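Notes to accompany the following structure.
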Amino acid sequence: MERKQFQLGDVVLMKKPHPCGVNEMEIIRMGMDIRVRCTGCKHSVLIPRAKFESKMKKVLRSNPALAAQEQERRAGEGTGEGLE
C-alpha cells in the first residue's frame, strides 16, 4: 500500500470526528509528530506520524501557497545555491 501524501497547510478528513463533532483537521506542524488543528473548535492536537497516517482518510483541500514554497525549497537544495 502506498504512503498517503499530505503537506503543511492541508485540510484532511479523519476517520473519527473530534469530540466537537467535526472530522476535518488542518495540518499546522510536521515532523516525527503531526500537529493538527480542528477546523470546528480550533483545538490543536499532537499525533505521532504513524498514528496520524492510519487515522487519516484523505486530503480534502491542499494549500497551494505552501505547496509552491515547499517545491521551491526542494528545488533550491539540489542546485547548491548559497554555497561559497
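List the residues, sorted by chain then number, that are 5 or more residues from Ile34 or on another chain and whose placed amide H is less than 5 Å from its amide H.
HN-HN under 5 Å from Ile34: Ile47, Arg49.
Applying the Karplus parametrisation 6.51 cos²θ - 1.76 cosθ + 1.60 with θ = phi - 60° to the phi angles of the range 29-38, what ³J(HN,Hα) value in whole Hz is obtained for each residue in order, glycine and proline being reported as x?
8, 10, x, 5, 10, 10, 9, 10, 10, 5
Can you tell me how much longer the chain between Asn63 and Val45 gets when fully stretched, taken as 0.36 nm per residue apart minus their C-alpha distance, in nm with one decimal?
Extending this stretch completely gives an extra 4.5 nm.
Tabulate in residue order the Karplus-calculated ³J(HN,Hα) for the range 16-23, using 6.51 cos²θ - 1.76 cosθ + 1.60 with θ = phi - 60°, rounded to whole Hz; enter x for Gly and Pro.
After applying 6.51 cos²θ - 1.76 cosθ + 1.60, I find 10, x, 5, x, 6, x, 9, 10 Hz.
Along the charge dipole of the range 1-58, Cβ charges K/R +1 and D/E -1, which of Ser44, Met30, Pro17 sits furthest on the positive end?
About the Cα centre, the residue reaching furthest to the positive side is Pro17.
FYI, it's all coordinate maths here, none of it is from the lab. Since this is a predicted model, take the numbers as computed values, not measurements. Don't worry about glycine lacking a Cβ; one is built from the backbone with ideal geometry, like all the others, and counts go over all protein chains shown.
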